[in-house]
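The values are calculated or read from the model by the stated rules, or taken from the named source; none is laboratory data. If you're wondering where the values come from, they're calculated on a predicted model, not measured in any experiment. Backbone-built Cβ (ideal geometry, glycine too); neighbour counts: all protein chains shown.
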Amino acid sequence: MMNTQEIEKLVKKINVDTAQGDVDLRIQQIVVRLTRDLFQAIEDLNISQTELWKGLEYFTDAGQANELGLLAAGLGLEHYLDLRADEADAKAGITGGTPRTIEGPLYVTGAPESVGFTRMDDGTESDKVPTLFIEGTVTDTQGNIIKNAKVEIWHANSLGNYSFFDKSQSNFNLRRTVLTDTTGQYVAQTTMPVGYGCPPQGTTQFVLNKLGRHGNRPSHVHYFVSAPGYRKLTTQFNIEGDQYLWDDFAFATREGLVATAKDVTNEAEIAHRGLDKAFKHIQFNVELVKDTEFSPSTEVDRRHVNA
Ligand code: MBD
Ligand code: FE
């Protein structure tokens, strides 16, 4: 058994005293801290050799399955980073605007772009699930409209799957970029998403099972919203009525981000949309906060697939 001081000394001996070439001091700081905390956890919990190797093998498998982003969502790491960002904003005196919530692991760059209106679905599910119209404005926190704001939207299909990751879907199905029109509005015609569930045989669900947890998300739609001079917003709305709304395995549902899908059955409104059956409608307005030189950055450098 080693005490904390001995562990501290050992870790320093291994990764600090041995340095010869250029040192990235930030990486050194993080590696020293994380190995120290790991050694300490091995002491405190008496983690066995087998347990240690199983843990490393787990990360190998999770990485090969490209599930580390999913694991970060499921273990609440991503939500925790949101809470920290909220705290940093509060300290900087930033209030108002649409709340942030996690990006999740399934964004893809390069989606088709249009102005004002976009049709997101490829039509293959039109008979299976209701059509959904999502409409909203992008404004500042004073309610002034923001023209030409970039609204990136992505969501799952009727099986809870996302295009690109689900190779059975067409390219960029349910992924679009729409710029707000001269009145600050955007309209997206799509199909009702169904909540995502972690692959049942996957590495993330494996660990969730050990914790007695499910791996389900409520039905939701993701957004990145940006405009010059404003802070970039990463958010989602989660849809009222889903059994997982407040039991999300990724903890993304937040007050202010719950949307109601209203049934529209009025014949004139159906005809006005060029449809022949009832559809669902969600209003999701976005408020962006002005950027200043004192605001904490909302840019996150994160690897994305460019499909
Ligand atoms: C998702 O669709 C999602 O949004 C998150 C956070 C994790 C897994 C799948
Ligand atoms: Fe999602």
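Among 115, 108, which is closer than 21 Å to residue 306 by Cβ and either touching a strand residue (DSSP E or B) at 6+ places or on another chain (Cβ under 7 Å) or of a type outside the set (Lys, Arg) (or both)?
Being closer than 21 Å to residue 306 by Cβ and either touching a strand residue (DSSP E or B) at 6+ places or on another chain (Cβ under 7 Å) or of a type outside the set (Lys, Arg) (or both) holds for just one of 115, 108, which is 108.
Hey, among the residues in the stretch 212-221 that are within 16 Å of ligand 1 (Cβ to nearest atom) and in a loop (DSSP other than H, G, I, E, B), which one's nearest to residue 261 (Cα to Cα)?
So the residue we want is 219.
Taking residue 170, is it surrounded by fewer than 24 Cβ atoms within 10 Å (Cβ to Cβ), of a type in the set (Ser, Thr, Tyr), assigned to a loop (DSSP other than H, G, I, E, B) and within 16 Å of ligand 2 (Cβ to nearest atom)?
No.
Every residue, every condition in (1) closer than 21 Å to residue 117 by Cα; (2) touching a strand residue (DSSP E or B) at 6+ places or on another chain (Cβ under 7 Å), yes or no:
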{"site": "219", "(1), (2)": "no, yes"}
{"site": "235", "(1), (2)": "yes, yes"}
{"site": "241", "(1), (2)": "no, no"}
{"site": "287", "(1), (2)": "yes, yes"}
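Just one of 237, 224, 279, 251 is touching a helix residue (DSSP H, G or I) at 6+ places or on another chain (Cβ under 9 Å), within 16 Å of ligand 1 (Cβ to nearest atom) and either closer than 26 Å to residue 110 by Cβ or touching a residue at least 12 places away in the same chain (Cβ under 8 Å) (or both); which is it?
Residue meeting the stated conditions: 251.
So which residues in the stretch 200-228 are closer than 30 Å to residue 187 by Cα, of a type outside the set (Val, Ile, Thr) and under 19 Å from the mean Cα position of the chain (by Cα)?
216, 217, 218, 219, 220, 222, 223, 224, 226
Which residues, taken from the stretch 87-106, are outside any loop (DSSP other than H, G, I, E, B) and surrounded by 15 or more Cβ atoms within 10 Å (Cβ to Cβ)?
The answer is 89, and nothing else.
Identify, from the list 191, 203, the residue that is within 16 Å of ligand 2 (Cβ to nearest atom), among the polar types (S, T, N, Q) and either surrounded by 20 or more Cβ atoms within 10 Å (Cβ to Cβ) or not assigned by TED's automatic domain parsing to the domain that holds residue 78 (or both).
Every option except 191 fails the conditions.
Output the number of residues of the stretch 256-274 satisfying the condition of being surrounded by 16 or more Cβ atoms within 10 Å (Cβ to Cβ) and outside any helix (DSSP H, G or I).
Number satisfying all stated conditions: 5.
Do the conditions hold for residue 158, that is, is it more than 16 Å from ligand 1 (Cβ to nearest atom) and of a type in the set (Ser, Thr, Tyr)?
no
What single numbered condition from (1) within 26 Å of residue 138 (Cα to Cα); (2) within 11 Å of ligand 2 (Cβ to nearest atom); (3) assigned to a loop (DSSP other than H, G, I, E, B) fails to hold for residue 238?
Answer for residue 238: the failing condition is (3).
Can you say whether residue 190 is of a type in the set (Ser, Thr, Tyr), within 16 Å of ligand 1 (Cβ to nearest atom) and over 19 Å from the mean Cα position of the chain (by Cα), as far as the supplied structure shows?
When the stated conditions are applied, residue 190 passes them.
Could you check residue 125 against (1) assigned by TED's automatic domain parsing to the domain that holds residue 159; (2) of a type outside the set (Phe, Trp, Tyr); (3) loosely packed, with under 13 Cβ neighbours inside 10 Å and say which number it fails?
Failing condition for residue 125: (3).
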